[in-house]
Amino acid sequence: MNYLNETIDSLNKKLASGEISAEQLTEDTIANIKETDKKLNAWITVDEDVKPAENLDFAKNKLAGIPIAIKDNIITDGVKTTAASHILDNFIPMYDATVVSKLKAAQATLVGKTNMDEFAMGSSTEHSYFGATHNPWNLDKVPGGSSGGSAAAVASGQIVAALGSDTGGSIRQPASFNGIFGIKPTYGRVSRWGLIAFGSSLDQIGVMTKRVKDSAEVMNVISGADDHDSTVSTREVPDFTKFLGQDVKGLKVAVPEEYMSDAVDAEVREVVQAQIDMLEANGAIINKVSLPHTKYVVPTYYIIASSEASSNLQRFDGIRYGYRAKDTKNLLDIYVKSRSEGFGEEVKRRIMLGSFALSAGSYDKFFRQAAKVRTLICNDFDKVFAENDVIVGPVTTTTAFGIGTEISDPIKMYNNDILTISANLAGIPAASVPAGLANGMPVGFQIMAKRFDEGSIFRVADFIERENKFYEKTPAGMED
Amino acid sequence: MNFKSTIGLEVHFELKTKSKIFSPSPVTYGAKPNTATNVIDWGMPGVLPMVNKDVYRLGIMVALATHAHILPTTHFDRKNYYYPDNPKAYQITQFFQPLARDGYVEIEVHGKKKRIGIHEMHIEEDAGKNTHGTNGYSYVDLNRQGVPLLEVVSEPDMEDPDEAYAYLEKLRKIVQFTGASDVKMEEGSMRVDTNISIRPAGQKELGTKVEMKNLNSFEHVRLSLAYEEKRQQQVLLSGGQIQLSTRRFDEASGKTVLERVKEGASDYRYFPEPDIAPDHISQEWIDEIAKTLPKSAAERYDDYVNKFGLKPYDANVLLQTKESSDFFDGAVAAGADPQLAANWMNTQVNGYLNDHRVALADVKLTPEHLAEMIKLIKDGTISSKIAKKVFAETIENGTDPKKFVEEKGMVQLSDLSVLEPMVKEIVDNNPQSVEDFKNGKDRAIGFLVGQIMKQTRGKANPVVVNKLLNQELASR
Amino acid sequence: MKITEDTIRHVAELSRLEFGDNEIGKFTAEMDSIINMANQLSTVDTEGVEETVQVVDRDTVFREDKAEHWQTKDELMKNVPDQANGFIKVPVIIEKDENE
């Protein structure tokens, strides 16, 4: 089963009419993944024993019997969950993440776990203990990251929808690189219970699908208050599909000058500008604005995310679960060797940066200062949103880069995130919707909105999708 | 040379909740290892803390009872360190915005009153437990992981070990009477760390402090501080220097022993806990809790002595625990005579508890039982001798005293319509005794009482009988 | 500011990580450039600016004090590398590490 021309609606119809059984769909899906993943390496675990839920109710549950992929940093009861790390490569959880419980309650079939950068640290899915994932548009290129496995699986038609997580762009950047839709909801829209923490004040689970409406359907299922997560909002969750099918007349669209500077490749800017022009031609009001603290978002983000990560990742110590080094002399040895052997290079770099930023003598200068600059970055957004409905621009400065070309230069990698991390620092929702191709590779169009206004994102993304019909294009790398 | 001591105390109280501070696992003692735990206590990947409301409520009670200022916004922070009993390798505590600040406790030492400041108090999670084996291994049990603690940090206001002792006694009593903690050092629900430094009299800046952890009793606190004062004086007098260090009190020798020298401040990399939203403590909630705050021991003492007229000694015995004071108050509220209730509490009840090594909460006697029994004694229904039998039955089996007395026919005969004719008859039948009585022989009454007791098989109320006999004899 | 190998060794100790003698130089240079990038923040005027450590739209909702049993001991123990009699087994702890 290949999903390139399927949507949740089309599958729901086929299942409801009996054209295909849920068992058959699951079986075909897994068979196709096993075949095509030889090229992509998008999956860490495929749950070959998975069965569709019983008493499927296709009228009530849109997702009933439909296979869905889960990023491997989201906890699944009884199914190995590794965060793409050697330190967890044998870890079998004994509980479900809230998003997983909700998908199960909606009768979706969870067929497996997708590849990613280790602990979601990275933007290429090269930093995986299980090997790099390849971009279905060009197998020599990265799929982006950290949710690169989820993105490649959706773009290649292995699956119709996948969950990802986004701490600094980890849903939007791979969505952009793979020509699919990906949304990072507002911080506090979706429960983080069961998401293996990276930067706790930034992490948010989101959805990646080929079509905008499919993300709205999945968002309807996974959003909302949760007793397990005290940072989730208790606000009512709207039906996100009701924002679809609208026009953009009178919509106030802000374009930050910092997002369309020379730092962004000319080809990327061109594709993005074409979409802005299209919105304007359809009645949107385009306002040029400034987010003056954009130049500080990279250091601010890397200090805050790494500080939180350095603490979050301390629990991986070889004592209660996960990898324990052999031939250790004493307790300290277990800690140091298990962690040094269990973590990859990039994870160690971030732990070191975070421990440094929080250590005596550095706290005020680094962590506290970053927390203050974060306030200024939030203020920038508040100002723009006081007069605009959405902020738009590119997701990335380039299209997907070649595997192995940037991994050795951490600063260059970090700077690639400049256009996505602000949304995490400010906690606002943001998405990438396909805009077009540049040199044969997809370019994403970023839409950001006010906190808890995912609705506006769906409205604009759906409009763009209907206009440019990017979904009709097939990734070149998947043609035999 | 004269020296001055500066002492500060950090006291941890386990707060009395049913479930843990950040997880709904039960708080239990003596459960099998790792059976009172869940994924949160284990620090499994992906888990988040869920704050227990009662931990705040109990903490606020202690803050109110120590006149501390409760912060309108508190927030949890992470204290990072590795240890096998600390599963996340960070402890969730309150470092930057604690629950409350600037409280005080009043003590009296050698007849001098003094206020000891409380710098701050905060809530945090306890760690699990390591048991050290003899085979080169340690064994970790996470049942205690996440038990709620309240840490009360004093100002360095104490100047000698006696003041420290008095502060601990007072603080324990205050916390005990809020009901927030069991305050039992032997069970670890109260734990004391001390800091002491000395300096030559006249010197302004404080000396280097030495810390002592996990002291087993208040007496050990006093002894160890006294030992440290002397030791540090000798070091300074012999030209030495005090090291910033942690020492341990050795019970056997009564000395303190160096555990380790601290090189600079520990680097716990504290930062705000991002997994828990801020906690705004409303004045309404504080007011609501204040209304439920039980009377303090001092207020109760005042009631007992000035309102009920109890002897200070009796009042203090009742106030040894909140349980016994609550029990006494309950009996008085149920109508018991305070002095009689106090006598019974401090002799019979305590005697029973000591003999049987049980707690008040574990016996079947209720305050209502005690009140009823005292009423039966007071209105003459039973004699105090019978009362002891009734007490034994009630505390053992929870039998209702009134019912028991009635069923067993133990009711004292006080009915005048029965006793009056009987007295007349006995007096009539014993003219010799009337003579003797008139001649001033008091023994005559004893003889007549004995006759009546004989006739009633001991059930006649001796007080009533005496009164009637006196009246009858006087009328002849 | 210049990041030295000593700083890196100290931070590695705090992080319970170790780097071989051949790695430490490269790692120090990398950390030096990362930290110096981060150091740009010191040029931002943040006088009187509040810190943002969370972007949540509500207070903590407290949990009522009710005890519940979730997982069994056996479920929780199943990933433990070394265990005995229901305990997690670790090499003997001689004393708390320098951090504690």
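A:SER311 meets the conditions (1) modelled with pLDDT under 95; (2) within 13 Å of chain B (Cβ to nearest Cβ) in every case but one. The failed one is (1).
Can you find, within region C:84-93, the residue that is nearest to the chain's Cα centre (by Cα) among those that are under 19 Å from B:ASP41 (Cβ atoms) and surrounded by fewer than 17 Cβ atoms within 10 Å (Cβ to Cβ)? Spell out how you get there, then give the answer.
The first filter runs over region C:84-93 and keeps only residues under 19 Å from B:ASP41 (Cβ atoms), leaving C:85-90.
If we keep only those that are surrounded by fewer than 17 Cβ atoms within 10 Å (Cβ to Cβ) as well, we get C:85-86.
Working: C:ASN85: 30, C:GLY86: 28 Å.
Filtering first and then ranking leaves C:GLY86.
Please specify each residue of region A:44-76 satisfying the condition of being free of Cβ contacts under 8 Å to residues at least 60 places away in the same chain and touching a helix residue (DSSP H, G or I) at 6+ places or on another chain (Cβ under 9 Å). Reasoning before the result, please.
Going through region A:44-76, the residues free of Cβ contacts under 8 Å to residues at least 60 places away in the same chain turn out to be A:48-49, A:51-61, A:64-65, A:76.
Once the filter is applied, which keeps residues that are free of Cβ contacts under 8 Å to residues at least 60 places away in the same chain and touching a helix residue (DSSP H, G or I) at 6+ places or on another chain (Cβ under 9 Å), region A:44-76 yields A:GLU48, A:LYS51, A:PRO52, A:ALA53, A:LEU56, A:PHE58, A:ALA59, A:ASN61, A:ALA64, A:GLY65, A:THR76.
Selection of region B:423-450 for residues being at pLDDT below 85 and either of a type in the set (A, V, I, L, M) or crowded, with 20+ Cβ neighbours inside 10 Å (or both) yields B:SER433, B:VAL434, B:PHE437, B:ALA444, B:ILE445.
For C:PHE87, are the conditions met, namely being within 20 Å of A:ARG315 (Cβ to Cβ) and facing another protein chain (nearest Cβ under 7 Å)? Against the criterion (within 20 Å of A:ARG315 (Cβ to Cβ) and facing another protein chain (nearest Cβ under 7 Å)), C:PHE87 qualifies.
A search for C-beta distances below 7 Å between a residue of region A:433-446 that is surrounded by fewer than 24 Cβ atoms within 10 Å (Cβ to Cβ) and any residue that is of a type in the set (Gly, Ala, Ser) and at pLDDT 95 or above, counting only pairs 6+ apart in sequence or on different chains, returns A:GLY436/A:ALA274; A:MET441/A:ALA400.
Of all residues in region A:11-23, those satisfying the criterion of being surrounded by fewer than 14 Cβ atoms within 10 Å (Cβ to Cβ) and out of contact with any helix residue (DSSP H, G or I) (no Cβ under 9 Å at 6 or more places or on another chain) are A:LYS13, A:SER17, A:GLY18, A:GLU23.
Residues to consider are B:SER266, B:SER245; find the one that is outside the structural domain of B:ALA387 (by TED's automatic domain parsing), surrounded by fewer than 20 Cβ atoms within 10 Å (Cβ to Cβ) and under 30 Å from A:GLN369 (Cα atoms). It would help to see each step written out before you state the result.
Numbers: B:SER245 fails: under 30 Å from A:GLN369 (Cα atoms).
None of the other options fit; the residue is B:SER266.
Residues that are modelled with pLDDT of 95 or more and in contact with a helix residue (DSSP H, G or I) (Cβ under 8 Å, 6 or more places away or on another chain) do not occur anywhere in region B:135-147. Report whether or not B:ILE107 is within 24 Å of the chain's Cα centre (by Cα) and buried (at least 23 other Cβ atoms within 10 Å of the Cβ). When the stated conditions are applied, B:ILE107 does not pass them. For C:GLU51, the conditions (1) more than 7 Å from chain A (Cβ to nearest Cβ); (2) modelled with pLDDT of 90 or more all hold with the exception of (1). A single entry from A:LEU25, A:LEU11, A:LEU40, A:LEU56 fulfils the requirement of being within 21 Å of the chain's Cα centre (by Cα) and either within 18 Å of A:SER147 (Cβ to Cβ) or not basic (Lys, Arg) (or both): A:LEU40.
If we keep just the residues of region B:334-373 that are under 11 Å from B:THR394 (Cβ atoms) and charged (D, E, K, R), which is surrounded by the fewest Cβ atoms within 10 Å (Cβ to Cβ)? Looking at residues that are under 11 Å from B:THR394 (Cβ atoms) and charged (D, E, K, R), I get B:LYS364.
Under the condition of being part of a loop (DSSP other than H, G, I, E, B) and more than 14 Å from A:GLY250 (Cα to Cα), which residue from region A:269-298 is nearest to the other protein chains (Cβ to nearest Cβ)?
Taking region A:269-298 first, the residues part of a loop (DSSP other than H, G, I, E, B) are A:282-284, A:290-291.
Checking the rest, the ones that are also more than 14 Å from A:GLY250 (Cα to Cα) come to A:290-291.
Numbers: A:SER290: 16, A:LEU291: 14 Å.
Checking each candidate, the answer is A:LEU291.
In a residue-by-residue description of region A:468-475, the property of being closer than 24 Å to A:LYS242 by Cα, in contact (Cβ under 8 Å) with a residue 40 or more places away in the chain and surrounded by fewer than 20 Cβ atoms within 10 Å (Cβ to Cβ) applies to at least one position.
When B:TYR165, B:TYR227 are screened for being among the hydroxyl-bearing types (Ser, Thr, Tyr), out of contact with any strand residue (DSSP E or B) (no Cβ under 6 Å at 6 or more places or on another chain) and in a helix (DSSP H, G or I), only B:TYR165 passes. One residue stands out in region B:19-78 among those that are of a type in the set (A, V, I, L, M) and more than 29 Å from the chain's Cα centre (by Cα): the one that is farthest from A:ASP72 (Cα to Cα), namely B:MET50.
Considering only region B:10-30, I want to know if a residue exists there that is under 26 Å from B:LEU99 (Cα atoms), of a type in the set (Lys, Arg) and surrounded by fewer than 23 Cβ atoms within 10 Å (Cβ to Cβ). Break it down stepwise before answering.
Quick first cut of region B:10-30, residues under 26 Å from B:LEU99 (Cα atoms) only: B:10-28.
Next, from what is left, pick out any that are of a type in the set (Lys, Arg): B:16, B:18, B:20.
Remaining after also requiring surrounded by fewer than 23 Cβ atoms within 10 Å (Cβ to Cβ): B:16, B:18.
Within region B:10-30 (the criterion being under 26 Å from B:LEU99 (Cα atoms), of a type in the set (Lys, Arg) and surrounded by fewer than 23 Cβ atoms within 10 Å (Cβ to Cβ)), the answer is yes, since at least one residue qualifies.
Considering region B:33-139, the qualifying strands (runs of 3 or more DSSP E), each wholly inside and each with 3 or more residues that are within 13 Å of chain A (Cβ to nearest Cβ), in contact (Cβ under 8 Å) with a residue 40 or more places away in the chain and under 18 Å from A:SER230 (Cα atoms), run over B:73-80. Within region A:45-55, one or more residues are more than 27 Å from A:LEU195 (Cβ to Cβ) and surrounded by fewer than 19 Cβ atoms within 10 Å (Cβ to Cβ). Applying the set (1) surrounded by fewer than 20 Cβ atoms within 10 Å (Cβ to Cβ); (2) over 30 Å from C:VAL55 (Cα atoms); (3) small (Gly, Ala, Ser) to B:ALA297 leaves exactly one unmet item: (1).
Report yes if some residue within region C:9-28 is within 7 Å of chain A (Cβ to nearest Cβ), outside any loop (DSSP other than H, G, I, E, B) and touching a residue at least 60 places away in the same chain (Cβ under 8 Å); otherwise report no. Checked region C:9-28: at least one residue is within 7 Å of chain A (Cβ to nearest Cβ), outside any loop (DSSP other than H, G, I, E, B) and touching a residue at least 60 places away in the same chain (Cβ under 8 Å).
In region A:322-354, the qualifying residues are those that are buried (at least 17 other Cβ atoms within 10 Å of the Cβ) and among the polar types (S, T, N, Q), and the one that is nearest to A:SER128 (Cα to Cα) is A:SER340. Scanning region C:64-77 for residues that are more than 7 Å from chain A (Cβ to nearest Cβ) and of a type outside the set (Asp, Glu), we see that the one that is surrounded by the most Cβ atoms within 10 Å (Cβ to Cβ) is C:MET77.
The values are calculated or read from the model by the stated rules, or taken from the named source; none is laboratory data. This is a predicted model, so every value here is computed, not measured. Please note: Cβ atoms are built from the backbone with ideal geometry, for glycine as well, and neighbour counts cover all protein chains shown.
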